[in-house]
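What follows is a single structure, written as structure tokens, with notes after it.
The values are calculated or read from the model by the stated rules, or taken from the named source; none is laboratory data. Remember, predicted model here, so these are calculated numbers, not experimental data. Cβ placement follows ideal geometry from the backbone for every residue including glycine, while neighbour counts extend to all protein chains displayed.
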Amino acid sequence: MKTSSLYMEHLRRRARTHLPNDFARIVIEDSRHGWAEGIVDRIRLIAVTGALCVITTMSIHWMQLQRAQEANRQAWVTTAAQIQVLEESI
């Protein structure tokens, strides 16, 4: 046996200790019969998850934008005060 074949056999033996004996049959039957069942629920879950991701991303972006604008305002206030002091000293 090649090394890859030995490794695959090792993985199969290891998987058998964690999975039920009829796991492969259950997976095959589910893929044949159960794929179309619950497709609406799956699509709804995908849509809700996508919407939550978009809302979260937009919220984080808005918060960072507000922080940046506040920092810019503070910098302009400081700059304006320095300009005023400079104009008064001239």
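Taking residues in segment 75-90 that are without any contact (Cβ under 8 Å) to a residue 40 or more places away in the chain, and partners anywhere that are assigned to a helix (DSSP H, G or I), not one pair has Cβ atoms closer than 9 Å while being at least 6 places apart or on different chains.
Test THR3 against the criterion of being out of contact with any helix residue (DSSP H, G or I) (no Cβ under 8 Å at 6 or more places or on another chain), surrounded by 10 or more Cβ atoms within 10 Å (Cβ to Cβ) and of a type in the set (Ser, Thr, Tyr), and give yes or no.
Values: out of contact with any helix residue (DSSP H, G or I) (no Cβ under 8 Å at 6 or more places or on another chain): yes; surrounded by 10 or more Cβ atoms within 10 Å (Cβ to Cβ): no; of a type in the set (Ser, Thr, Tyr): yes.
It is false that THR3 is out of contact with any helix residue (DSSP H, G or I) (no Cβ under 8 Å at 6 or more places or on another chain), surrounded by 10 or more Cβ atoms within 10 Å (Cβ to Cβ) and of a type in the set (Ser, Thr, Tyr).
Scanning segment 69-90 for residues being among the acidic types (Asp, Glu) and exposed (fewer than 10 other Cβ atoms within 10 Å of the Cβ) gives a total of 2.
Do we have SER89 as among the polar types (S, T, N, Q) and under 30 Å from the mean Cα position of the chain (by Cα) here? Show your work before the answer.
Details: among the polar types (S, T, N, Q): yes; under 30 Å from the mean Cα position of the chain (by Cα): no.
No; evaluated as a whole, the condition is false for this residue.
Could you list, in sequence order, the residues of segment 12-54 that are modelled with pLDDT under 85, among the acidic types (Asp, Glu) and over 27 Å from the mean Cα position of the chain (by Cα)? Result: GLU29, ASP30.
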